[in-house]
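Colleague: I am attaching a structure below and will ask some questions about it afterwards.
The values are calculated or read from the model by the stated rules, or taken from the named source; none is laboratory data. Owing to the predicted nature of the structure, the values given are computational and were not obtained by experimental measurement. Cβ placement follows ideal geometry from the backbone for every residue including glycine, while neighbour counts extend to all protein chains displayed. Note: areas computed on protein heavy atoms with side chains; ligands, DNA, RNA excluded. Shrake-Rupley method; radii C 1.70, N 1.55, O 1.52, S 1.80 Å.
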Amino acid sequence: MSIKMKLLAGVVLAAAAGFAGAAQAQVKEVQMVHWWTSGGEAAALNVLKSNLAKEGYAWKDVPIAGGGGNQAMTALRAMVTAGNVPTSVQMLGYDITDWAEQGVLADLSPVATKEGWDKVIPAALQKFAKYDGKWVAAPVNVHSVNWIWVNKAVLDKIGGKEPTNWDEFIALLDKAKAAGVIPLAQGGQNWQEATMFDSVVVTTGGLDFYRKAFIDLDPAALSSPTMKLSFERLAKLRTYVDPSFSGRDWNLATAMVIKGDALLQVMGDWAKGEFINAKKAPGTDFMCFRFPGTQGNVVFNSDMFAMFKVGAERQEAQYALASATVDPGFQSSFNVVKGSVPARTDVSDAAFDACGKKGIADLKEAVAKNTLEGSMAQGYGQKAPFRAAYQEVVDKFFNGQIATADDAVKQLVDAINAAK
Ligand code: GAL
């Protein structure tokens, strides 16, 4: 063998060893930044952890408490700035688009193409899970915010029934008040009040108005008498909340309803996860009604696992997570526990309870009738600066730091303009 041949053989051997080395060096670990810290949320996440454990992946948990994810997104920015890029992050809507624009998200298309995600994930979700034709996030579920969660025993005790419009809603809350029960269990964080306001705007102005105001940012809609009336109605709801709501976490408000200390909560269907975790059943212990006057509309958010560009040694784990997330069996078992509905359109509703079945049917109908729209409060209406402006104005008004509905409208218009 000539020296040249020997050298070449050496290079080939080294390359083969290198290749084997790289294959061995795969980090069999999934790292996840998320804000699923309540009982119901943690139970749902456990489904994923144990599925991945069966495939031999360890779980590195990076929980950042704070419903709605504001704190998690702040922590994420700090992590990335410090060069500590996570494998995967629970993310919503325009936050995914923003990170994708910065070119830091991984391309999951090899998995998505192999598994045919394009055919089973609705276009409304693909708009956020794909960027520039490439899949950058794995959709976990579809939540919707326009629900109310009602304690059945309290409802029966006060002789109430499902309210189907604003006036009936107010009449029901009045009945609870008269009976000495806290009518409305509310938490005290800006995203919670804004999440409730999404529904108030839809019931007040209809979905077209909601779209003009929050999706088109139409100045006339934002400053309209309908927006003013929406704020007046929010002020009305404030009168049904107990005095110690300030700073309260959303799941503690849900617990008030579970225990029968309050009649109902206005919250996204992650609230159902808390009832299920407390071993309560829909129809017997609690009721899920659409926010009165919003029936037929689904104001959604979808949890997605956005993946960052990582070294080759972490790519297998990333692909495994993506595949495990969109797997039809997981989409059923996870969402049954979480309170949400599958992000795939081809998953049976057989394992879901009555609220889950309703959620799946409502989503299907909303897709068919074009009455599915993104939640402004949950990052599916506008990019982060607009959502933050919205959350802040709604929160200040709810807390009395903005005195009148007229002022709230003015401040909302100003804050939206400032975010442009
Ligand atoms: C939402 C998220 C839900 C739930 C909720 C409360 O933003 O989409 O999955 O976690 O926050 O934490």
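Colleague: When you scan segment 184-200, how many residues do you find that are touching a helix residue (DSSP H, G or I) at 6+ places or on another chain (Cβ under 8 Å) and farther than 18 Å from H143 by Cα?
Modeller: 6
Colleague: Further, regarding this structure: For A221, state whether it is part of a helix (DSSP H, G or I), over 18 Å from L172 (Cβ atoms), touching a Lys or Arg at 6+ places or on another chain (Cβ under 6 Å) and open to solvent by less than 10 Å² (accessible area, probe 1.4 Å).
Modeller: Taking the combined requirement at face value, the residue satisfies it.
Colleague: Oh, and also: Which residues, taken from segment 325-340, are touching a helix residue (DSSP H, G or I) at 6+ places or on another chain (Cβ under 9 Å) and open to solvent by 10 Å² or more (accessible area, probe 1.4 Å)? Walk me through how you get there before you give the answer.
Modeller: Step one: filter segment 325-340 for residues touching a helix residue (DSSP H, G or I) at 6+ places or on another chain (Cβ under 9 Å), giving 325-331, 333-340.
Once the filter is applied, which keeps residues that are touching a helix residue (DSSP H, G or I) at 6+ places or on another chain (Cβ under 9 Å) and open to solvent by 10 Å² or more (accessible area, probe 1.4 Å), segment 325-340 yields D327, P328, G329, S333, V336, V337.
Listed here are the residues, each with its yes/no results for (1) over 25 Å from K49 (Cα atoms); (2) open to solvent by 40 Å² or more (accessible area, probe 1.4 Å); (3) touching a strand residue (DSSP E or B) at 6+ places or on another chain (Cβ under 6 Å); (4) in a helix (DSSP H, G or I).
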position	(1), (2), (3), (4)
P243	yes, yes, no, no
R248	yes, no, no, no
A253	yes, no, yes, yes
I258	yes, no, no, yes
D269	no, no, yes, no
K272	no, no, no, yes
F275	no, no, yes, yes
A322	no, no, yes, yes
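Colleague: So for segment 381-393 (the condition being of a type in the set (A, V, I, L, M, F, W, C), touching a residue at least 40 places away in the same chain (Cβ under 8 Å), under 17 Å from S199 (Cα atoms) and outside the structural domain of A124 (by TED's automatic domain parsing)), does at least one residue qualify?
Modeller: No, segment 381-393 contains no residue that is of a type in the set (A, V, I, L, M, F, W, C), touching a residue at least 40 places away in the same chain (Cβ under 8 Å), under 17 Å from S199 (Cα atoms) and outside the structural domain of A124 (by TED's automatic domain parsing).
Colleague: Here is a follow-up. Tell me which residues, restricted to segment 277-294, are open to solvent by 40 Å² or more (accessible area, probe 1.4 Å) and farther than 16 Å from A153 by Cβ.
Modeller: N277
Colleague: Among the numbered conditions (1) out of contact with any Pro (no Cβ under 6 Å at 6 or more places or on another chain); (2) in a helix (DSSP H, G or I); (3) aliphatic (A, V, I, L, M); (4) not assigned by TED's automatic domain parsing to the domain that holds K338, tell me where A124 comes up short.
Modeller: Of (1) out of contact with any Pro (no Cβ under 6 Å at 6 or more places or on another chain); (2) in a helix (DSSP H, G or I); (3) aliphatic (A, V, I, L, M); (4) not assigned by TED's automatic domain parsing to the domain that holds K338, only one is false for A124: (4).
Colleague: Here's another thing I want to ask about it. Considering each residue of segment 342-365, count those that are closer than 15 Å to N301 by Cα and small (G, A, S), and give that number.
Modeller: Residues that pass the stated criteria total 2.
Colleague: Of all the strands (runs of 3 or more DSSP E) wholly in segment 16-114, which have at least 3 residues that are more than 24 Å from K383 (Cα to Cα)?
Modeller: It comes to 29-34, 58-63.
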